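Since the structure comes first, as structure tokens, the remarks are kept for the end.
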Amino acid sequence: MSKTVISFFSFGIALIIIGALFKVMHWPQATTLLALGLTFESLAIVIFAYQKLKK
């Protein structure tokens, strides 16, 4: 796995964890953080799949 994929994946996981904490605490912007986290996870999967297909 390249550093780009790992970076996107790690950042996405961090956003999802923080978003879940915001959701549990009923703080604003929890849904936005969860959506951003899932978006970064999706980008990591797409980049990873593209790199695998390219080889």
task: Give the relative contact order (percent, whole number) for the chain; include only Cα pairs under 8 Å separated by 6+ residues.
output: 43
- prompt: Between Thr31 and Ser10, what is the spin-label point distance in nm, taking each point 7 Å from the Cα along the Cα→C-beta axis?
  reply: 3.1
field: Per-residue [θ]222 nm for the chain (sum of -39500 (n - 2.57) over DSSP H runs n ≥ 4, rounded to 500)
entry: -31000 deg cm²/dmol
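Every number here is computed from the coordinates shown, using simple stated rules; none is lab data. All of these numbers come straight from a predicted model, not from anything done at the bench. Cβ: placed from backbone, ideal geometry, glycine included. Neighbour counts: every protein chain shown.
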